[in-house]
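*Asks:* Here it is: the structure, laid out below.
Each reported figure results from applying straightforward, stated rules to the coordinates on display, with no laboratory input. Computed from a prediction, not measured in an experiment: that's the story for all the values here. Note that each Cβ is placed from the backbone with ideal geometry, even for glycine, and that neighbours are counted across all protein chains shown.
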Amino acid sequence: MSRVCELTGKGPMTGNNVSHAKNRTKRRFLPNLNDVTLASDVLGRSFKFRISAAALRTIDHRGGFDAFLAKAKDSELSANALKVKKDIAKAQAE
């Protein structure tokens, strides 16, 4: 399972462990991913995603899942999230 947020595209970063003697060894900083179920008000159903904790806070800040997807860039979304975004846009147009 890939370690990438489905809504923001946030993935692992690289850096160094630095010892007291300033020895540097490579390491990875992994995003804080959680399995969550997000409800869409427009479609009236829920969707499961693997998203970062920062993305979950952003969803609350923007006023819900539908509002977050409306502002989200298509290049950052996973294929599953992109399909949900298009379904929501189609339902709002009707």
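*Asks:* In Å, the Kirkwood hydrodynamic radius of the chain over pairs of distinct alpha carbons? Write down the numbers at each step before the final one.
*Replies:* On the way: mean 1/r = 0.0678 Å⁻¹.
In the chain this quantity evaluates to 14.7 Å.
*Asks:* Give me the percent relative contact order of the chain, please, defined on Cα pairs under 8 angstrom at least 6 residues apart.
*Replies:* Details: 125 pairs, mean separation 25.7, N = 94.
Reported relative contact order: 27 percent.
*Asks:* Quick one: net charge around residue 18, please, counting Lys, Arg +1 and Asp, Glu -1 for every other residue with C-beta under 13 Å from its C-beta.
*Replies:* Working: positive: 22, 24, 26, 27; negative: none.
Every neighbour counted, the sum reads +4.
*Asks:* On full extension of the chain, what length is gained from residue 24 through residue 2, given 0.36 nm per residue of separation minus the C-alpha to C-alpha distance? The partial results should precede the final answer.
*Replies:* Details: separation 22, 0.36 × 22 = 7.92 nm, distance 2.65 nm.
Between residue 24 and residue 2, full extension yields 5.3 nm more.
*Asks:* Starting from 0.36 nm per residue, how many nanometres of slack lie between residue 93 and residue 16 once their C-alpha separation is accounted for? Don't jump to the answer; show the numbers that get you there.
*Replies:* Working: separation 77, 0.36 × 77 = 27.72 nm, distance 4.90 nm.
Here the answer is 22.8 nm.
*Asks:* Among 8, 58, 14, which comes first, second and so on when ranked by fewest other beta-carbon atoms within 10 Å? Each step should come with its number before you reach the end.
*Replies:* Numbers: 8 19, 58 16, 14 8.
Placing the least packed residue first, the sequence is 14, 58, 8.
*Asks:* Would you please give the residues with an amide H less than 5 Å from that of residue 52, counting only those at least 5 places away or on a separate chain, with H modeled from the backbone geometry?
*Replies:* The answer is 6, 7, 8, 34.
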